[in-house]
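One structure is given below, encoded as structure tokens.
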Amino acid sequence: MKRLAGVLLSCLAVAQAYADTVVSVDARGLVAFVHLDSDHNGYVSRVEARSITGVERAFDSADTNRDGLLDKGEYTQVQRIGEAR
């Protein structure tokens, strides 16, 4: 039980750190690709996309090559997909 409490406290600390972070958006109003690509590998993974609801919802439609990752070109499709919904 103590271990679970420790994990929960760690999660809360991480959430607070992100809540205080200013995230910039691009000209289309999307969170900048570089902010979502937290491991800096040039792609936004499904896990990284979960931090932004609109990106998470559009992920499957935007992932045109079905590799489970969004590259910069696919990421630009996220807003168009969101507008169509």
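Reported count of residues in region 34-81, each being more than 10 Å from the chain's Cα centre (by Cα) and charged (D, E, K, R), is 10. A Cβ distance below 7 Å, combined with a sequence gap of six or more or placement on separate chains, defines the contacts here; from region 30-45, residues that are touching a residue at least 12 places away in the same chain (Cβ under 8 Å) reach residues that are in a strand (DSSP E or B) in the pairs V31/V25; F33/V44; L36/V44; Y43/L69; Y43/L70; V44/L69; V44/L70; S45/L69. Considering region 57-73, and only residues there that are out of contact with any Phe, Trp or Tyr (no Cβ under 9 Å at 6 or more places or on another chain) and assigned to a helix (DSSP H, G or I), the residue that is farthest from V47 (Cα to Cα) turns out to be G73.
Taken over region 46-56, the criterion of being assigned to a helix (DSSP H, G or I) and buried (at least 16 other Cβ atoms within 10 Å of the Cβ) is satisfied by E48, A49, G54, V55. Evaluated against (1) modelled with pLDDT of 90 or more; (2) of a type outside the set (D, E); (3) surrounded by fewer than 16 Cβ atoms within 10 Å (Cβ to Cβ), T76 falls short on exactly one condition, (1).
The values are calculated or read from the model by the stated rules, or taken from the named source; none is laboratory data. Here the structure is a predicted model, which is why all the values come from computation and not from measurement. Methodologically, a virtual Cβ is constructed for each residue, glycine included, from the backbone with ideal geometry; neighbour enumeration extends over all protein chains shown.
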